[in-house]
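**Student:** Here it is, the structure in full.
Since every read-out is calculated from the coordinates, none of them should be taken as a lab result. Just so we're clear, the structure is a prediction, and the values are computed from it rather than from any experiment. For neighbour counting, all protein chains shown are included, and Cβ atoms are generated from backbone atoms with ideal geometry for every residue, glycine included.
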Amino acid sequence: ELQDAIRRGILVPFRYFPLSYELTEEDRKRIRDVYRRQAAREAAGRPMTEEEVWIEIAKVYKTSRAKLPVFEQFIQEHPQLLERCIVFVETREYGEEVLEIIHRFRPDFHTYFTGDDSDTLRRFARGELECLITCHRVSEGIDIRSLNTVILFSSARARLETIQRIGRCLRADPRNPRKIANVVDFIRVQSESNEEPNADQERYHWLSELSRIRPEGWCYDGNSPEA
């Protein structure tokens, strides 16, 4: 379990930065379009499965442009979090929009998507690049112990994928025995206060609890990125 691994010092502790965002009108239109396609398929005798519907809606959440200005403001305040950082996005197209923001703060970054030259990943591992923008298809197998920050523009409901992603920066680094990682996340605001917690809010509560854990024997209580 993650909490046990952090307590025992197998994985490093982390600071958690949940960034709230609200769906745009464009996002709501995209969701309405999903339900229109569902109705059309039903009428044509080719109904969408419930899983297909939720995959389409989840893609709207994962690629919401409402996250972009929130991210830019946050990075203006904490530009150091882009050092030794991997940014997970859902699509190449969305990654290009994130890239435009990061480019305003540092030049030593690159995208790394399926089919791209693997030399980019090796350059990142060697420290020639500080920031990598990538997608879930290459999240497995990355083991770069100097990685400090993971930014989750795209998160799945399943905890396993989130564990795989944040686990990239929770690796202990022998050259930095007091390493504390950073996890930046995006949390969708509920449209109605009486709604059931959405997947983002469930993940927020889970990661918030994990971020409070420190290895046994530590005397550390800092919460700021500069600490």
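**Student:** If the label point is 7 Å along Cα→Cβ of Leu68, which residues in the range 29-50 have backbone nitrogen under 18 Å from it?
**Tutor:** Flagged as within label range: 29-31.
**Student:** Continuing with the same structure: Hand me the tally of lysine pairs in the chain: alpha carbons under 19 angstrom apart, and the pair either on different chains or 8 or more positions apart.
**Tutor:** Value for the chain: 4.
**Student:** With +1 on each Lys and Arg Cβ and -1 on each Asp and Glu Cβ, and nothing else charged, work out how big the dipole of the chain is about its Cα centre, in Debye to the nearest 20.
**Tutor:** Using only the charged Cβ atoms, the result is roughly 480 debye.
**Student:** If you don't mind, there's one more thing I want to ask. Run the helix sum for the chain: -39,500 (n - 2.57) per DSSP H stretch of 4+ residues, divided by residue count, reported at 222 nm to the nearest 500 deg cm²/dmol.
**Tutor:** Rounded to the nearest 500, the figure is -12000 deg cm²/dmol.
**Student:** Name the residue farthest towards the positive end of the dipole of the chain from the options Cys169, Met48, Ala58, assuming +1 on Cβ of Lys and Arg, -1 on Cβ of Asp and Glu, about the Cα centre.
**Tutor:** The Cα lying farthest towards the positive end belongs to Cys169.
**Student:** Among Ala40, Ala125, Ala199, which one moves the most in a GNM of the chain with springs linking Cα atoms closer than 10 Å?
**Tutor:** Fluctuation is largest for Ala40.
**Student:** Per 0.36 nm of contour for each residue apart, how much would the distance between Lys29 and Glu97 grow if the chain were fully extended, relative to their Cα-Cα spacing?
**Tutor:** Separation in residues times 0.36 nm, less the Cα-Cα distance, equals 22.5 nm.
**Student:** In a Gaussian network model over the chain where Cα atoms closer than 10 Å are linked, find which of Glu93, Glu83, Glu130 has the largest mean-square fluctuation.
**Tutor:** Glu93
**Student:** So how strong a dipole does the range 1-99 carry about its Cα centre when Lys and Arg Cβ are +1 and Asp and Glu Cβ are -1, to the nearest 20 debye?
**Tutor:** For this selection, approximately 140 debye.
**Student:** Please list, short to long, the whole-number percent of alpha-carbon pairs of the range 1-124 in consecutive 5 angstrom bins beginning at zero.
**Tutor:** In order of increasing distance, the bins hold 2, 8, 13, 15, 14, 15, 14, 9, 5, 3, 1, 0 percent.
**Student:** May I pose another question? Spelling out what I want: for every residue of the range 106-120, take phi, set θ = phi - 60°, compute 6.51 cos²θ - 1.76 cosθ + 1.60 (Karplus), and round to whole Hz; glycine and proline get x.
**Tutor:** 7, x, 8, 9, 7, 8, 8, 10, 3, x, 6, 4, 5, 4, 4
**Student:** Using a Gaussian network for the chain with springs between C-alpha atoms less than 10 Å apart, which of these wobbles most: Glu161, Glu51, Glu90?
**Tutor:** Maximum fluctuation in the GNM of the chain, among the listed residues, is at Glu51.
**Student:** Classify the range 63-168: rounded, prolate or oblate, from the alpha-carbon gyration tensor (a ≥ b ≥ c, eigenvalue square roots; a/c under 1.5 rounded; otherwise prolate if a/b is larger than b/c)?
**Tutor:** Rounded shape, in that the Cα axes give a/c under 1.5.
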